[in-house]
Amino acid sequence: MRSRPHKYNPLSLLEEDLLYGTRVRRVRDKAWVPILGCIILAISAIAFYVKSKPSDFEPMRHPLASIHVPKNDSAVRYLVFGSYDTHGHGLEEYQEAYPYLLSEDVHNAAIQVGGPALGAVCTQSMTGEGTYDVIVLDFVEKLGQGLRVLAKRLRQRFPNALMIIVKRWSPAHIAHFPLNGTQIDVVSWMKERSIPSFYSPTFHEAFNNTDPQDWIFTHTRDRLINEVVEATNARLVELPRPRAAAMALLHQMHLFHPTSHTALSERGHEIVADMIKSVVNQEGVLSQDKDILNEVGPWYPGDSCHMWYTTGQLPDTMYQAPTKVVRFAKKWGYKYALEFAASGGSITVHNPFDIPRTLYLTYMTLATTNMYPRVQVQIGGRMGVILDPANDKVADLPHSPRTVAVGMVNPGSTTIQFESLSNNLRKFRLTGASLLGNTEVPFEHTLEVEPADDSF
């Protein structure tokens, strides 16, 4: 049983400046304070709904297909790695996301869904040939899937750049945990009560019927983030949050999208941008010698990643026969795959490195085992692995890509042959081919994690 901490009522706080961590003043036992708070939140919600709407998936903004190298004469050359927030999810225009508030010439290497795995494995492919003054890493989820590797590879490449790691929280990190009860995250708590939004009057009615001390912040990856900051000589930027979770639910929800619960609002993006700019100014980036900032180290291990799951863009060096690019699963944004003939087919991959590299193939899997065929892979005439399209590991993504290592590829061009081992309802679909060095990043279901519906 948990012990009860000292008693205080967060609803008795008239005003608390949480943005800068300074408590302004406290007024106790005022019955009108909750009413005033609800009115303020309702007005904020109306304004937010007018300005913002959830954006659809935008396939051409995949970080492997939309590399933007800032001009050398840009005041500050920014490179940003992140997920849905840095990509602009939930905003009316993605240019309202904080990377574009830092600089219109920013290289935004954000993904729409997932953690740092893709960036950690495909750092070179996503970064391109540019040089950068400031590198920002901002991931809220799945930090253990490659944050350490991504930061290390970027520091190795850009030894003199200012690296900033953003540590953020979201409503998803808040849970209701009453004494003698079970813990439930706030989003699930709201769903149980059919509450549509933090701005809804029904949310505040339900919240007022709980003990404020039963709201807690759940575990975050503070230790991992701090270790990465120290190992890479980075600077830490933290989205301010109150000590009490109940206070966050009452006073900080304007920082987040009203219905997606985890994405930043327009105001949230402005605050993160201001915090990053403050660190950049404190570190005197504008006054530093560009020649020093332009120094780069090697990409080791190098990578050559090609994924067309959300873009339909195959590399020019890849030749395929007999195959065709198919478009499917439009519910959450169209997906694309290289579909082989019923008997199989072949592709040609190019290894640009001067040593052999491991070839990783990304292909569609499905929980229904009789839809896609099992496929025998041959690499340059050598017998390789058998690819199994059955998906029994990711219950919430029954129709999703899987990435596996299939063997070594020598420098230059190599033909990869695919032979279907069974006649199934659907033909084998390939969504990526990447050449990588050894990696400790879990990659099987983490490199492409955008959902695909069950349409074909």
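Each reported figure results from applying straightforward, stated rules to the coordinates on display, with no laboratory input. What you see is a predicted model, and the numbers here were worked out from it, not measured in a lab. Quick reminder, even Gly has a Cβ in these numbers, built from the backbone with ideal geometry, and neighbours come from all protein chains shown.
Some values worked out for this structure:
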{"quantity": "Rounded if a/c under 1.5, otherwise prolate or oblate - the range 259-413, Cα gyration tensor axes", "calculated": "oblate"}
{"quantity": "At most 15 other Cβ within 10 Å, DSSP loop - trypsin sites (Lys or Arg not before Pro), the range 265-325", "calculated": "none"}
{"quantity": "Global geometry of the range 230-319, whether rounded, prolate or oblate, following the gyration tensor of its Cα atoms and the 1.5 cut on a/c", "calculated": "oblate"}
{"quantity": "Percentage relative contact order, the range 142-216, counting C-alpha pairs under 8 Å, at least six apart", "calculated": "26 percent"}
{"quantity": "Check: the range 104-240 dipole with +1 on Lys, Arg Cβ and -1 on Asp, Glu Cβ, in debye", "calculated": "500 debye"}
{"quantity": "Label zone at Q183, where the point sits 7 Å out along the Cα-to-Cβ direction: the range 198-231 residues whose backbone N lies under 16 Å", "calculated": "213-223"}
{"quantity": "In order through the range 142-149: 3J(HN,Hα) via Karplus (6.51 cos²θ - 1.76 cosθ + 1.60), integer Hz, x for Gly, Pro", "calculated": "6, 5, x, 8, x, 4, 4, 5"}
